[in-house]
1. Just one of 88, 17, 41 is modelled with pLDDT of 95 or more and under 21 Å from the mean Cα position of the chain (by Cα); which is it?
2. For the range 16-37, how many residues are surrounded by fewer than 18 Cβ atoms within 10 Å (Cβ to Cβ) and more than 20 Å from residue 83 (Cβ to Cβ)?
3. Any idea which of 91, 32 is in a strand (DSSP E or B) and free of Cβ contacts under 8 Å to residues at least 40 places away in the same chain?
4. Of the residues in the range 104-120, how many are open to solvent by less than 100 Å² (accessible area, probe 1.4 Å), out of contact with any Lys or Arg (no Cβ under 9 Å at 6 or more places or on another chain) and part of a helix (DSSP H, G or I)?
5. Identify the residue in the range 84-102 that is loosely packed, with under 13 Cβ neighbours inside 10 Å and hydrophobic (A, V, I, L, M, F, W, C) and, among all such residues, is farthest from residue 53 (Cα to Cα).
Amino acid sequence: MTPPLICVVEDEGIVAADIKECLGRLGYSTTTVSSGSEALARVPELLPDLVLMDIMLPGRLDGIETAIEIRERCQIPVVFLTAHADDATLTRAKTAKPFGYIIKPFEERGLHTIIELALHKHRMDRSEQQHAEQERQLRRREVHGRQDAVPRKGEVTRHAAALEEVLLPQ
């Protein structure tokens with residue numbers, strides 16, 4: 001089985017290398033990008049299993065805005081990994097509907113736990129969505145089948161007259 005691919009979005013090279021090394025020890029494949037715009041360009045190509053996102057990024061898009069775009073475009077789970085733990089940042093981060101929020105500096109075990117839970121939750125969410133879609137399709141078929149079974153206007157009268165002739169001959 002291939003290891004999950006994690007895209008690390010981190011603008012500080014040394015920090016990105018440290019995270020990449022840590023994720024490698026934990027058995028994940030990794031790729032790194034250094035800005036929100038680069039993430040938006042690369043994530044749809046790479047289709048990673050998870051994005052590990054710094055919040056403070058250079059350029060037009062910060063990590064929160066980038067995470068919202070990734071969720072909407074690709075439905076890939078995002079976990080924030082940031083040094084910012086203030087209430088305002090946390091409140092803003094919630095709008096991205098992240099699968100986790102890790103404060104730097106992080107512990108390897110904590111990072112692994114959050115990643116595994118996020119991957120599991122995403123798999124379960126997708127499975128539930130697929131199941132719900134299958135149920136919707138079955139219901140549509142059932143409704144369509146019932147609509148075909150319902151006589152059209154005038155058919156009941158015609159059928160009743162034919163039945164009456166058979167059952168009540170003159």
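The values are calculated or read from the model by the stated rules, or taken from the named source; none is laboratory data. All of these numbers come straight from a predicted model, not from anything done at the bench. Here the Cβ is made from the backbone with ideal geometry for all residues, glycine too, and neighbour counts use every protein chain on show. Calculation scope for accessible area: heavy atoms of the full protein, side chains included, ligands and nucleic acids excluded. Shrake-Rupley method; radii C 1.70, N 1.55, O 1.52, S 1.80 Å.
1. On the way: 88 fails: under 21 Å from the mean Cα position of the chain (by Cα); 17 fails: under 21 Å from the mean Cα position of the chain (by Cα).
Only one candidate passes the filter, namely 41.
2. Number of matching residues: 7.
3. After ruling out the rest, the residue left standing is 32.
4. Within the range 104-120, residues that are open to solvent by less than 100 Å² (accessible area, probe 1.4 Å), out of contact with any Lys or Arg (no Cβ under 9 Å at 6 or more places or on another chain) and part of a helix (DSSP H, G or I) number 10.
5. The qualifying residue farthest from residue 53 (Cα to Cα) is 88.
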